[in-house]
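Input: a single structure, listed below in structure tokens.
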Amino acid sequence: MKMRLLVAFLSLSLSSAFSVQQPRTGSEAVSTRADFVSKTCGAVLSTLLVPTASLADDETAVVKPSRSIKACDRDAKNCVSTANIKQIDLYSPPWTFEVSPDEAFARIKGVLKSDDSFVITEIDDEARYIRAYAQRISADQDEVEFLVRADDKVVVFKSSERKEGVPDFGANRKRIDDIRSRGAVFDLMGGGMTADSYEGGGAAARGNNAFGQLKAFYGLQSGQGFQSVFEEEDD
């Protein structure tokens, strides 16, 4: 864009300079050429150094960061997240849904907006992300955040304490389950994950094992490399 403007400007300037003019004396011709060179150089430098409006707009455009849900800290006491796949006490499986992603996000927003125990602090409709304070001991004791992943048709989330203090006695996990139930269109991915899924008993007999859920969630073709999902990580 800048180069095209420069070429156009030089073309007009040169055309003007070599157009038919009245004869001038020698001193007048020298003065005219000097003025032309001076003005042309000044204009060229201005074109190069001063960005056009469109270029300035492009450079100052704000790029929104991609949204994600972070895991709970490994030593967290009052927290659950879909990102803690290696800490079963902190893990909660993502939700699945059959409605449109916009409808799924609208359901979550509706639940939070209609409940006085939540104070919404951020909504990103484009990314389908929402965050809110959640009341326990105080109005902003805990915090919840949800992200609807349209391509995967899942909801990932986190519910955690903002202020350390009294144990939640499972309040964060119960809160998440309550929001899912009130949304009325969400199921647990794989029907939920239980502690006996890893060893092959209980839910694993119905195909609800750790490897199966990881493959479904991350689009893997094999479960190799995830044998330690429920084992303690090496420091």
### Message
For segment 89-101, which positions are of a type outside the set (S, T, N, Q), closer than 18 Å to Val185 by Cβ and open to solvent by 40 Å² or more (accessible area, probe 1.4 Å)?
### Response
Glu98, Val99
## Note on the structure
Within segment 133-170, restricting to residues that are charged (D, E, K, R) and part of a strand (DSSP E or B), the one that is least open to solvent (accessible area, probe 1.4 Å) is Asp142
### Query
Only one of these conditions is not met by Arg182: (1) outside any loop (DSSP other than H, G, I, E, B); (2) at pLDDT 55 or above; (3) buried (at least 16 other Cβ atoms within 10 Å of the Cβ); (4) of a type outside the set (A, V, I, L, M). Which number is it?
(3)
### Query
So Asp75 clears everything in (1) in contact (Cβ under 8 Å) with a residue 12 or more places away in the chain; (2) open to solvent by 50 Å² or more (accessible area, probe 1.4 Å) except one condition, right? Which one?
(1)
#### Entry: Every residue from segment 102-126 that is in contact with a strand residue (DSSP E or B) (Cβ under 7 Å, 6 or more places away or on another chain) and either open to solvent by less than 30 Å² (accessible area, probe 1.4 Å) or among the acidic types (Asp, Glu) (or both)
Ala104, Phe105, Ile108, Leu112, Phe118, Glu122
### Qualifying position, being among the hydroxyl-bearing types (Ser, Thr, Tyr), touching a residue at least 24 places away in the same chain (Cβ under 8 Å) and touching a Leu at 6+ places or on another chain (Cβ under 7 Å), among Ser66, Ser81, Ser92
Ser81
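The values are calculated or read from the model by the stated rules, or taken from the named source; none is laboratory data. Since we're looking at a predicted model, the values are computed, not measured. Positions of Cβ are generated from backbone atoms using ideal geometry, with glycine treated the same way; all protein chains shown enter the neighbour counts. For the accessible areas, the whole protein counts, side chains as well, though only heavy atoms, and no ligand, DNA or RNA atoms are used. Shrake-Rupley method; radii C 1.70, N 1.55, O 1.52, S 1.80 Å.
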